[in-house]
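Down below is the structure, laid out as structure tokens.
The values are calculated or read from the model by the stated rules, or taken from the named source; none is laboratory data. The model shown is predicted, which means the values in this text are computed figures rather than measured ones. We place every Cβ from the backbone using ideal geometry, glycine too, and count neighbours over all the protein chains shown.
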Amino acid sequence: MTSEFVVHRPHAALRGLVTDAVGYRQEGLAAGTHRGLPSPTLTLVVTLDEPLDVVAHPDPAQAPGRYDALVGGLHTTPALIRHPGRQTGIQLSLSPLGARRLLGVPAGELAALDVDLADVLGAVGPELVERVRAAATWEERFAAAEHVLRRAAGPAGDPAPEVAEAWRLTLAGGGRLRVADVARRIGWSERHLTGRFRAETGLAPKEAARVVRFDRARRVLAGRSRPDLAGLAAAAGYADQAHLTREWRAFTGLSPLRWLAAEFGFVQDHAAAAGPGSAA
């Protein structure tokens, strides 16, 4: 089996829009299904070989599809991606607060969806795919994608400062802050915060907190050779190990240890262990 992962630091001009990037190449795997898990970022994937074969989307109403490149919105249930034993591409993690400028629409419009890149960026989408696939090295691929995205990024307005601050507080608190506390800090009612936050990001504040807490726990678990679930639950802010396991099943469809056995080694989990980054 061949596995190659390259972590890339996004261009400074994309700060606040792209949080991290990874290139991946895997061959010689057993054919199977990969789970694209909930995370606090949107996911942009450009394949270098076969299209992504998404057999189940986070929104069950969305029909299965195959994509040379896609953008996945924030979600709370896994996407199921069938692979033939190999996969190669680049994956960029996009901040939901930067979606308006980078994609031209708020992240809320992409909630739980996987969308062909061309349907979001128009003609720029196929151009990005062509430039990435024509590049010879990982750094050239990242540079090609960033060049197109920097050129395509528009002047669309940023989210309301209160929504941006609520998102910052949710991330900084590791998903532990209660919605009432977040609302109090920004000076909005819980109801108003929930409506504006969901419209901008695609998740309600409580859902976002759960996703942030799960994402942090997932990164820790992916990097440990001897999992301590009780310790992980306490460190991540879960009530107990049973609470951790319930949330894991909700977000992945598997218990923590079964997920680790099934998924470790794929791009999402390698990125989690190697450093900043996530995938949906």
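Based on this model, can you work out whether Ala209 counts as surrounded by 19 or more Cβ atoms within 10 Å (Cβ to Cβ), over 21 Å from the mean Cα position of the chain (by Cα) and modelled with pLDDT of 95 or more?
No, not satisfied.
Among the residues of segment 1-16, how many are out of contact with any strand residue (DSSP E or B) (no Cβ under 6 Å at 6 or more places or on another chain) and in a strand (DSSP E or B)? Quick ask: steps written out before the conclusion?
Restricting attention to segment 1-16, the residues satisfying the condition of being out of contact with any strand residue (DSSP E or B) (no Cβ under 6 Å at 6 or more places or on another chain) are 1, 9, 11-16.
Subset that is in a strand (DSSP E or B): none.
The number of residues fulfilling the criteria is 0.
Quick test for you: out of Ala250, Ala183, pick the one residue that is modelled with pLDDT of 95 or more, of a type in the set (Gly, Ala, Ser) and farther than 24 Å from Ala112 by Cα.
On the way: Ala250 fails: farther than 24 Å from Ala112 by Cα.
On inspection, the qualifying residue turns out to be Ala183.
List the helices (runs of 4 or more DSSP H) that sit entirely inside segment 93-141 and contain at least 3 residues that are surrounded by fewer than 20 Cβ atoms within 10 Å (Cβ to Cβ).
Output list reads 124-134.
Looking at segment 231-264, which of the residues that are charged (D, E, K, R) and farther than 25 Å from Gly173 by Cα is surrounded by the most Cβ atoms within 10 Å (Cβ to Cβ)?
Glu263
Kindly indicate whether Gly36 is over 25 Å from Phe214 (Cα atoms), of a type in the set (Gly, Ala, Ser) and either out of contact with any Gly (no Cβ under 6 Å at 6 or more places or on another chain) or not assigned by TED's automatic domain parsing to the domain that holds Arg246 (or both).
So Gly36 fails the test.
Would you confirm, using the coordinates I've provided, whether Ala230 is more than 21 Å from the chain's Cα centre (by Cα), in the same structural domain as Thr41 (by TED's automatic domain parsing) and among the aliphatic types (A, V, I, L, M)?
no
Look through Ala13, Ala30, Ala61 and report the one residue that is touching a Lys or Arg at 6+ places or on another chain (Cβ under 8 Å), over 20 Å from Asp215 (Cα atoms) and surrounded by fewer than 14 Cβ atoms within 10 Å (Cβ to Cβ).
Ala13
Just wondering, is there one or more residues in segment 17-37 that are farther than 28 Å from Arg216 by Cβ and either at pLDDT 95 or above or part of a strand (DSSP E or B) (or both)?
Among the residues of segment 17-37, at least one is farther than 28 Å from Arg216 by Cβ and either at pLDDT 95 or above or part of a strand (DSSP E or B) (or both), which makes the answer yes.
Counting residues that are under 30 Å from Val132 (Cβ atoms) and in contact with a Pro (Cβ under 8 Å, 6 or more places away or on another chain), which helices (runs of 4 or more DSSP H) fully inside segment 142-239 reach at least 2?
Correct list: 161-172, 190-201, 205-222.
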